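Structure record follows, encoded as structure tokens.
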């Protein structure tokens with residue numbers, strides 16, 4: 001069932017990058033499961049899904065990561081911490097994984113997807129974009145981040161996207177250095193503190209007339 005426009009816009013108006021979370025409030029399992037499913041349902045270029053999402057609730061680990069996140073309190077106080085990982089490289093095995101998954105899910109022979117496989121190879125494996133594939137993968141992860149933030153807002157969950165962290169230290173602490181993935185961006189989710197003085201400030205956005213141009 002489609003949302004009403006007012007529900008969507010009210011949720012986005014309420015959403016903001018929460019500065020202080022209530023450390024005593026936790027997201028219930030049903031709601032969090034829906035947010036994880038929203039992450040899985042995120043669209044990606046070619047459908048390759050060049051990411052993983054680390055959901056970290058361990059207090060000791062989060063305290064250690066906070067040291068590498070400009071000591072931002074959201075890292076430890078929010079209900080859930082998600083580290084968005086991007087693939088360092090896209091290889092033939094990644095393309096074949098997608099082709100096989102598509103074949104299995106849609107009940108078609110892999111051979112019928114040969115043109116699609118060749119198209120991805122021409123672009124990402126053998127084409128010019130192969131030279132900057134890490135940047136491409138990171139851009140894909142930001143689609144997942146945006147989907148997560150919007151989905152959370154629609155469920156009444158507060159979030160904060162965080163780029164203020166040291167990716168290399170996160171990779172070290174999380175044991176990612178020798179894996180196909182690296183830390184790209186972080187987000188936390190939970191419920192805003194009643195003491196967050198920024199929570200009720202008016203949202204600052206430029207007007208639609210300044211940002212949107214219609215070309216007919």
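Quick note: the coordinates plus some simple rules give every number you see, no bench work behind them. All of these numbers come straight from a predicted model, not from anything done at the bench. Cβ coordinates were reconstructed from backbone atoms using ideal geometry, including for glycine residues, and neighbour counts include every protein chain displayed.
Work out how much length residue 44 to residue 97 would gain on full extension: take 0.36 nm times their residue separation and subtract the Cα-Cα distance, in nm to one decimal.
Details: separation 53, 0.36 × 53 = 19.08 nm, distance 1.48 nm.
Extra length available between residue 44 and residue 97 comes to 17.6 nm.
Assign one of three labels to segment 1-77, namely rounded, prolate or oblate, based on the Cα gyration tensor with a ≥ b ≥ c the square roots of its eigenvalues; rounded applies when a/c is under 1.5, prolate when it is not and a/b is larger than b/c, and oblate otherwise. Kindly include the intermediate steps, with their values, before the conclusion.
Values: a/c = 1.97, a/b = 1.32, b/c = 1.49.
Note, shape of segment 1-77 comes out oblate.
How many nm separate the modelled label positions at residue 70 and residue 26, each set 7 Å beyond the Cα in the direction of the Cβ?
2.9
Give me the one-decimal nm value for the distance between modelled label points at residue 19 and residue 111, 7 Å along each residue's Cα-to-Cβ direction.
6.4
Length gain on complete extension for the stretch residue 211 to residue 89, per 0.36 nm per residue less the alpha carbon to alpha carbon distance? The partial results should precede the final answer.
Values: separation 122, 0.36 × 122 = 43.92 nm, distance 3.46 nm.
My answer for the length gained is 40.5 nm.
For segment 47-68 and segment 142-216, compute the distance between their C-alpha centroids and round to whole Å.
Their Cα centres are 14 Å away from one another.
To the nearest µm²/s, what D does Stokes-Einstein give for the chain at 4 °C and 1.567 mPa s, using the Kirkwood radius over alpha carbon pairs as Rh?
Numbers: Rh = 19.3 Å.
Result for D is 67 µm²/s.
Calculate, for residue 37 and residue 123, the FRET efficiency according to 1/(1 + (r/R0)^6) with r their C-beta to C-beta distance and R0 25 Å; round to the nearest 0.05. Can you show the working numbers first?
Details: r = 29 Å, r/R0 = 1.16.
The pair residue 37/residue 123 has a calculated efficiency of 0.30.
For every helix of n ≥ 4 consecutive DSSP H residues, a contribution of -39,500 (n - 2.57) applies; sum these over the chain, divide by its total residues, and give [θ] at 222 nm rounded to the nearest 500 deg cm²/dmol. Don't jump to the answer; show the numbers that get you there.
Details: 9 runs with 89 residues, N = 216.
It lands at -12000 deg cm²/dmol.
Using alpha carbons only, what's the Rg to Rh ratio of segment 97-172 with Rh from Kirkwood? Before the final figure, lay out the partial values.
Details: Rg = 17.6 Å, Rh = 15.8 Å.
Radius of gyration over Kirkwood radius for segment 97-172 works out to 1.12.
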